Amino acid sequence: MACMTRQIRSRRSSQEAREEAGIDGEVGELAIGSYLYLRRDGQETKPAQAVIFSLKVDRELDNWNEKDQRRRKWFKAEKAAEKVFEPDQRRFLGNVAAGRIFLG
């Protein structure tokens, strides 16, 4: 059961990367981390947890579902940590930049 959940999360992670950033690649089987954030649901915000998988990018798409809503820009982890809003996400990226999290 846990293995199936991992596969589903891994597949969803790949789908999210394609829809939100227009990137395709090989997703790691195991989560490398997670962070808490506030999710907007209509007029409300609710606590949520993002599970993070590594992705070895093979291809950048010219067109993707959310291209009109998002911009794709590449940063080193240290710079990305300065750019994000969520404190837990910032901590995660800081740990990646410091070499405390292995991306595969």
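The values are calculated or read from the model by the stated rules, or taken from the named source; none is laboratory data. Keep in mind it's a predicted model, so treat the numbers as computed, not measured. Here the Cβ is made from the backbone with ideal geometry for all residues, glycine too, and neighbour counts use every protein chain on show.
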Response to the item:
Within the stretch 73-104, restricting to residues that are touching a residue at least 40 places away in the same chain (Cβ under 8 Å) and in a loop (DSSP other than H, G, I, E, B), the one that is surrounded by the fewest Cβ atoms within 10 Å (Cβ to Cβ) is F102
Worksheet entry | Residues of the stretch 1-26 satisfying the condition of being acidic (D, E), farther than 21 Å from F102 by Cβ and more than 11 Å from the chain's Cα centre (by Cα) | E19, D24
Worksheet entry | From the options E44, E60, E29, residue that is loosely packed, with under 15 Cβ neighbours inside 10 Å, under 20 Å from F102 (Cβ atoms) and over 12 Å from the mean Cα position of the chain (by Cα) | E29
Item to complete: Given the conditions (1) in contact with a helix residue (DSSP H, G or I) (Cβ under 9 Å, 6 or more places away or on another chain); (2) of a type outside the set (S, T, N, Q); (3) part of a loop (DSSP other than H, G, I, E, B); (4) at pLDDT 90 or above, report the number of the one that I32 does not fulfil.
Response: (3)
Worksheet entry | Single residue of F53, F85, F102 found to be at pLDDT below 95 and in contact with a Gly (Cβ under 6 Å, 6 or more places away or on another chain) | F53
